[in-house]
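Engineer: My questions will all concern the structure given below.
The values are calculated or read from the model by the stated rules, or taken from the named source; none is laboratory data. Remember, it's a predicted structure, so these values are computed and weren't measured experimentally. Here Cβ is always computed from backbone atoms with ideal geometry, including for glycine, and neighbour counts include all displayed protein chains. Keep in mind that these areas ignore ligands, DNA and RNA; they rest on the heavy atoms of the full protein, side chains included. Shrake-Rupley method; radii C 1.70, N 1.55, O 1.52, S 1.80 Å.
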Amino acid sequence: MLIDDVEIKINAGHGGKGAVAFNKNKMSLGPTGGSGGKGGNIYGEGVSDLTALRQFRFSKAFFAENGKDGRDQFRDGRDGTDLILKLPIGTVAHNLTNGSEINFEKTSERILLAKGGNGGKGNFHFRSSTNTTPKEFEYGISGESFEVRFELKLIADVGFIGLPNVGKSSLLNKLTNARSKVANYPFTTLEANLGAYYELILADIPGLIEGSSSGRGLGIKFLRHIERTHILFHFISTESLTPSRDYKIIRKELGAWNIALLKKPERLFLTKSDLVTTEELNKKLSALKKIDPHVIAISVNDTKSIKNIEKILNDINANAKK
Ligand SMILES: Nc1nc2c(ncn2[C@@H]2O[C@H](COP(=O)(O)OP(=O)(O)OP(=O)(O)O)[C@@H](O)[C@H]2O)c(=O)[nH]1
Ligand SMILES: [Mg+2]
């Protein structure tokens, strides 16, 4: 199961305490108390492993090390070690306390999530001409600590949508080296799958049905994975008795998740063209032409269809580079 939405608590390190100490060797009372070390920071780091959020499934609290206390003989406490959390690229970190968001988009990019507290000053830092034997010191400050939600929104260029069983995964597998599960029943695909077509990333997601937005079928949470795509490929099967209605059902569910999905460019495909007679194919095609005059009929078993789709993808790729 792809873990794509988790909540945890992160606690950056507490600063160490400053020391109160005096010079013993020389029998003078000069202050020698060192300062406390800084508490460790917590960083997120983008990684290409899409399953990296799995580490947060059962462990819910993460701590960076506290700074060590200052000691005598001017010895400052060591800083606490930073904690690095590996996050799949495409993760949005939502700070649930102040509502801020951070996007992790590049591998190896480290971004500060929670800052460690500063260490306190030791008494050495309080010396002055009027106070040569200070007993003051500071406590360290606590590190930032808050609940954070990591939401993975896969980074893809093209999103495949449609009712279950229309051939989304079959096409992904045909166009890329992905091995998305294919079977002749609804809801074969249970989570988003990515495939690479040259530089373009294609995302195949589970099928939507009427009422997905109210929790029917597999729900619609997986639509987060196509939120950032440039274009949607919408598939309707020739097996459907009501192609235009199917189209509207899917559009309604998309809008229920995020209205922005309805504004994305879309290409419409009538799939499994090999299953029906030319007459039936044309009938269904003309019904869909009323919705989109550029709709095309395809079959994964037909080389010409695949070439057509590859041409569309090549154009998208060329436009993306402009
Ligand atoms: N004849 C024919 N069968 C196809 C074609 N494309 C897909 N199929 C078959 O249709 C069935 C469903 O294909 P999938 O690719 O699993 O469909 P899906 O849209 O990914 O389905 P879900 O993951 O359940 O949403 C499988 O048995 C495929 O072999 C096609 O062009 N022609
Ligand atoms: Mg599928």
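Engineer: In whole Å, largest first, what are the principal axis extents of the Cα atoms in segment 258-302?
Structural biologist: Cα extents, longest axis first: 37, 23, 15 Å.
Engineer: So, in nm, how far is label Asn308 from label Glu199 when the simple model puts each one 7 Å beyond its Cα toward the Cβ?
Structural biologist: Here the modelled spin labels are 2.7 nm apart.
Engineer: Would you work out what percent of the accessible area of the chain, with all protein chains in place, is carbon or sulfur (probe 1.4 Å)? Don't skip to the end; give the middle numbers.
Structural biologist: Numbers: 8440 of 16450 Å².
Answer for the chain: carbon and sulfur cover 51 percent of the accessible area.
Engineer: With Kirkwood's inverse mean 1/r over C-alpha pairs for Rh, give me the Rg to Rh ratio of segment 140-188, two decimals please. Display every interim value, and only then the final one.
Structural biologist: Working: Rg = 19.3 Å, Rh = 14.4 Å.
Radius of gyration over Kirkwood radius for segment 140-188 works out to 1.34.
Engineer: Can you sort Ile102, Ile10 by 1.4 Å-probe accessible area, starting with the largest?
Structural biologist: Numbers: Ile102 45, Ile10 0 Å².
Most to least solvent-accessible, the answer reads Ile102, Ile10.
Engineer: Okay, next question. Pick out, in residue order, every one of the trypsin sites (Lys or Arg not before Pro) in segment 1-72 that is DSSP loop and has at most 16 other C-beta atoms within 10 Å; say none if there are none. Display every interim value, and only then the final one.
Structural biologist: On the way: sites: Lys9, Lys17, Lys24, Lys26, Lys38, Arg54, Arg57, Lys60, Lys68, Arg71; in loops: Lys17, Lys24, Lys26, Lys38, Arg57, Lys60, Lys68, Arg71.
Loop-located and lightly packed - Lys24, Lys26, Arg57, Lys60.
Engineer: Ok, one more. Let me understand the chain better: what is its radius of gyration from the alpha carbons, and its Dmax, in angstrom?
Structural biologist: Calculated on Cα positions, Rg and Dmax stand at 29.0, 106 Å.
Engineer: Run lengths n ≥ 4 of DSSP H only: what is the helix-derived mean residue ellipticity at 222 nm for the chain, with -39500 (n - 2.57) per run over all residues, to the nearest 500? Don't skip to the answer; put the middle values down first.
Structural biologist: Working: 4 runs with 54 residues, N = 322.
That calculation yields -5500 deg cm²/dmol at 222 nm.
Engineer: May I pose another question? Give the Kirkwood hydrodynamic radius (Å, one decimal) of segment 1-125, defined as one over the mean of 1/r across all pairs of different Cα atoms.
Structural biologist: Working: mean 1/r = 0.0620 Å⁻¹.
Hydrodynamic radius (Kirkwood, Cα pairs) of segment 1-125 is 16.1 Å.
Engineer: Pull up all non-local amide H partners of Gly30: gap of 5 or more, or a different chain, and H-to-H distance under 5 Å with H placed in the peptide plane.
Structural biologist: Hits under the 5 Å cutoff: Asn23.
Engineer: Follow-up question, since we're still on this one. Report the one residue of Ala256, Ile84, Leu285 whose Cα lies farthest in the direction of the positive end of the charge dipole of the chain (charges on C-beta: Lys and Arg +1, Asp and Glu -1; origin at the Cα centre).
Structural biologist: Of the listed residues, the answer is Ile84.
Engineer: Given His94, Gly15, Leu53, which one lies farthest toward the positive end of the charge dipole of segment 1-109, if we put +1 on the Cβ of every Lys and Arg and -1 on the Cβ of every Asp and Glu?
Structural biologist: Farthest towards the positive pole: Gly15.
Engineer: Right, something else. Order Thr130, Thr277, Thr32, most accessible first, counting only protein heavy atoms with a 1.4 angstrom probe. Intermediate values should be presented prior to the final figure.
Structural biologist: On the way: Thr130 130, Thr277 85, Thr32 0 Å².
Listed by decreasing accessible area, they come as Thr130, Thr277, Thr32.
Engineer: Identify the trypsin sites (Lys or Arg not before Pro) of segment 253-298 meeting these criteria: DSSP loop state and at most 15 other C-beta atoms within 10 Å of the C-beta. Walk me through the intermediate numbers first.
Structural biologist: Values: sites: Lys263, Arg267, Lys272, Lys283, Lys284, Lys289, Lys290; in loops: Lys272, Lys290.
Counting only loop positions with at most 15 other Cβ atoms within 10 Å, the trypsin sites (Lys or Arg not before Pro) in segment 253-298 are Lys290.
Engineer: Per residue, how large is the accessible surface of segment 124-226? Use a 1.4 angstrom probe and give square angstrom.
Structural biologist: Numbers: 4930 Å² over 103 residues.
Using a 1.4 Å probe on heavy atoms only, each residue of segment 124-226 averages 48 Å².
Engineer: Could you list, in their original order, any pairs among Lys153/Lys311; Lys272/Lys322; Lys17/Lys135; Lys221/Lys284; Lys181/Lys321 whose Cα atoms are separated by more than 25 Å?
Structural biologist: Lys153/Lys311; Lys272/Lys322; Lys221/Lys284; Lys181/Lys321
Engineer: If the limit is 20 Å between Cα atoms, which of Lys252/Lys290; Lys248/Lys283; Lys248/Lys307 go over it? Spell out each step's value before the answer.
Structural biologist: Details: Lys252/Lys290 18 Å; Lys248/Lys283 18 Å; Lys248/Lys307 28 Å.
Violating the 20 Å Cα-Cα cut-off are Lys248/Lys307.
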